[in-house]
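Here the structure is laid out as structure tokens; the discussion comes afterwards.
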2 protein chains.
Amino acid sequence: MSTPTPEGVRLTAEQRRSWLRLIRSENVGPQTFRSLINHYGSASAALEALPDLSRRGGARRNIRIASEDEVDRELAAAERAGARFIGMGEPDYPPWLRHADQPPPLLCMRGASEVLARPAIAIVGARNASLAGQRMAQRLASGLGEAGFSIVSGLARGIDQSAHQAALATGTVAVFAGGVDVVYPEEHRPLLDKILAQQGAAISEMAMGWQPRARDFPRRNRIIAGMSLATVVVEAAERSGSLITARLALEQNREVMAVPGSPLDPRAAGTNRLLKQGAHLITDAADVIGALPQTLAPPTREGFELPSEEPEKQPLVEPASDDRSLILEALGPTPVHVDELIAHTKLSARLVAVILLELELAGRLERHPGGRISLVY
Amino acid sequence: MSTPTPEGVRLTAEQRRSWLRLIRSENVGPQTFRSLINHYGSASAALEALPDLSRRGGARRNIRIASEDEVDRELAAAERAGARFIGMGEPDYPPWLRHADQPPPLLCMRGASEVLARPAIAIVGARNASLAGQRMAQRLASGLGEAGFSIVSGLARGIDQSAHQAALATGTVAVFAGGVDVVYPEEHRPLLDKILAQQGAAISEMAMGWQPRARDFPRRNRIIAGMSLATVVVEAAERSGSLITARLALEQNREVMAVPGSPLDPRAAGTNRLLKQGAHLITDAADVIGALPQTLAPPTREGFELPSEEPEKQPLVEPASDDRSLILEALGPTPVHVDELIAHTKLSARLVAVILLELELAGRLERHPGGRISLVY
């Protein structure tokens, strides 16, 4: 049984296990997770349906479902690391992240959850930052920290490091691209210890022990941007990860801000480009605060609410194979919006959602920001 | 007799003498000059009317009118320096300057007038510029020069110097705060010689031999901004002269552009502030060109056209002293628009213009940008 609270609904231990098992299963991303819960009412019911859904979506082999053992091992690893899991909709879940694009259903967290409840500003930038860039990051982080904001960043060298360091006393959140027990870079272990010792937190959507790969960083960056009211880029070269974070912030309707720099410094090429594209020009913490939206309350957006108790399983219409063909023909490698697909096929939204779920679980569908989808070839 | 040409009307030698004598007379600024020509049809007629107008405006002593000797001496000095005078409305007059606020009736010019006919970009900035700032000025100036623009600046140290230097081959214009024979700073004499040797020009509205005072620089800056399609500020501290040039450009509806810099560099404080206020962010010459207005033709604006021959003197209504009192009561130290004054006093525009002319010649009226006026106490 889950316990409703004013700010959300707490998962029972059993629900949390099922959520963890579901999100760790093959081809289940945040969006699929949400669709599954919406259609099946609970993670446990969804887990039962996975093999059949995946087979109907055209999977050539059985879908890999996380085992109970795997879940036990991850829960044990989390306990050893002093980490715990927070489900979307639970009171501790970062409020802005809940309203972001594809929020992680479960966050693994080390440290104090209080820091996650405060309005957050992301400060990101170059790993090979200049001394001036590092000083700027420190000034912004300490000024914003003193103004009551938590500072979110990625624990990387350079700007991230400076931002965390300057916000230790006021509260800072490090978002990991791997498991929360995998400190990257290794040399930042003492910094992480300080963050955790001073009421800060480290969070990740990835499994305990997960070693981050290159593609995990943009995925992580969406969390940095999504949990923050604004993303401030301090120094960034062209084609750098910080620009991805800025783009992801923009796509989630969050403010993008950048610190200007000399056009002769390659580390200012990315920030100057952001400014040309309309990012707020920031030279101090007051600028950041002045450019924030009027209200600091998270935006409301339709999404699933956690059920206060396990609901009845909803009867799920099994799509006819003609309908599946219709969808497959309409889709291709170019991302299209789900609404376009519904309009084009004239199928019900519910039926389309089920077919997409099947395709996704079969590893044949890719989700893009803004509700767009494409086929995987 | 003046000679009409497709682009304007050439002054006769005699007209030019009268113009020079009128503009060098006491209390005759560009705006008064324009009003006088509009009311009296010619500079020579205006010169005759000056003593009477000034007395009616309440002057406590006779207005100082430039003598024929003075004019002879200035013409001789100009000839020795290889300079000549260009009247507003003449074909050589910088086309954008003619449509600026309070264009100088006469410009004294050394060098080649062809460079004045081309669309111009002003590049201005700090005298104590950083090496990076100087490199930026050079890049912008050479890029814009190659694209066909003339580069306008103030021959100062730092940014001005770099801009002129990089535009030597393509054509650059130095605008002086003193007479065109007074090189400031003295160490830039070789630079000036190169500018003049390579089809560039030096111009000034001030008399030959005039030593620039502090207040002459903002006055000069209005010419830099007014003759250019855009003013690009490369490095500028807070409260620097370059920001005055930028403000004057804005007041004349010209584009204002600024190069970003690190917030930790005081020489970027002014440029970053301009950017926050909406100036175009510029990192290369292509940015400048991209931010220019669609058409490079000078804007049209009502103004006096030079008469093709000496017209009849227009009968000038002498205002009643009651009308003068009405105007004096309505005016104060706070600048108000002439149109407000006309609306308030319900006097005719022509009558108000004559009274303002009297007050100005008596040294009792100050003109401000945008057609506003205030009393001098």
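The values are calculated or read from the model by the stated rules, or taken from the named source; none is laboratory data. Quantities reported herein were computed from a predicted structural model and do not represent experimental measurements. FYI the Cβ positions are ideal-geometry reconstructions off the backbone, even for glycines, and counts take in every protein chain you see. Areas reflect the complete protein model, heavy atoms only, side chains present, ligands, DNA and RNA absent. Shrake-Rupley method; radii C 1.70, N 1.55, O 1.52, S 1.80 Å.
Of all residues in the range B:235-261, those that are at pLDDT 95 or above, part of a loop (DSSP other than H, G, I, E, B) and not charged (D, E, K, R) total 4.
This table checks each residue for (1) surrounded by 19 or more Cβ atoms within 10 Å (Cβ to Cβ); (2) in contact with a strand residue (DSSP E or B) (Cβ under 6 Å, 6 or more places away or on another chain).
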{"position": "B:ASP101", "(1), (2)": "yes, no"}
{"position": "B:LEU106", "(1), (2)": "yes, yes"}
{"position": "B:GLY125", "(1), (2)": "yes, yes"}
{"position": "B:LEU131", "(1), (2)": "no, no"}
{"position": "B:SER153", "(1), (2)": "yes, yes"}
{"position": "B:ALA163", "(1), (2)": "yes, yes"}
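Here the condition is being without any contact (Cβ under 8 Å) to a residue 60 or more places away in the chain, surrounded by 16 or more Cβ atoms within 10 Å (Cβ to Cβ) and not aliphatic (A, V, I, L, M); of A:ARG56, A:ARG17, it holds for A:ARG17 alone.
When the range B:357-368 is filtered for residues that are open to solvent by less than 50 Å² (accessible area, probe 1.4 Å), within 22 Å of B:LEU248 (Cα to Cα) and either in contact with an Asp or Glu (Cβ under 9 Å, 6 or more places away or on another chain) or touching a residue at least 60 places away in the same chain (Cβ under 8 Å) (or both), only B:LEU365 remains.
For first residues located in the range B:31-52 and more than 13 Å from B:LEU361 (Cα to Cα) and of a type in the set (Ser, Thr, Tyr), partners that are open to solvent by 10 Å² or more (accessible area, probe 1.4 Å) and assigned to a helix (DSSP H, G or I) and lie 6+ apart or on another chain with Cβ distances below 6 Å form the pairs B:TYR40/B:ALA49; B:SER44/B:SER18.
Of all residues in the range B:260-280, those that are under 19 Å from A:GLN138 (Cβ atoms) have Cβ atoms under 6 Å from Cβ atoms of residues that are open to solvent by less than 20 Å² (accessible area, probe 1.4 Å) and of a type in the set (A, V, I, L, M), 6 or more apart or on another chain, in B:GLY261/B:ALA268; B:SER262/B:ALA268.
Would you check if B:GLY226 is open to solvent by less than 20 Å² (accessible area, probe 1.4 Å) and either of a type outside the set (S, T, N, Q) or closer than 21 Å to B:LYS276 by Cβ (or both)? Yes; evaluated as a whole, the condition is true for this residue.
Of all residues in the range A:120-152, which are within 13 Å of chain B (Cβ to nearest Cβ) and polar (S, T, N, Q)? Passing the criteria: A:SER130, A:GLN134, A:GLN138. Applying the set (1) more than 14 Å from chain A (Cβ to nearest Cβ); (2) more than 22 Å from B:ARG139 (Cα to Cα) to B:LEU191 leaves exactly one unmet item: (2). Search the range A:241-261 for residues being farther than 20 Å from A:ARG135 by Cα and among the polar types (S, T, N, Q), and hand back the single one that is farthest from the other protein chains (Cβ to nearest Cβ). Of everything passing the filter in the range A:241-261, A:GLN252 is farthest from the other protein chains (Cβ to nearest Cβ). Residue count for the range B:262-291 under the criterion of being over 16 Å from B:ARG239 (Cβ atoms), more than 7 Å from every other protein chain (Cβ to nearest Cβ) and part of a helix (DSSP H, G or I): the result is 6.
Taking B:GLN198, is it within 19 Å of B:HIS164 (Cβ to Cβ) and at pLDDT 95 or above?
Yes; evaluated as a whole, the condition is true for this residue.
Highlighted here are the helices (runs of 4 or more DSSP H) found entirely within the range B:25-104 that include at least 1 residues which are outside the structural domain of B:THR231 (by TED's automatic domain parsing) and over 17 Å from the mean Cα position of the chain (by Cα): B:30-40, B:43-56, B:68-80.
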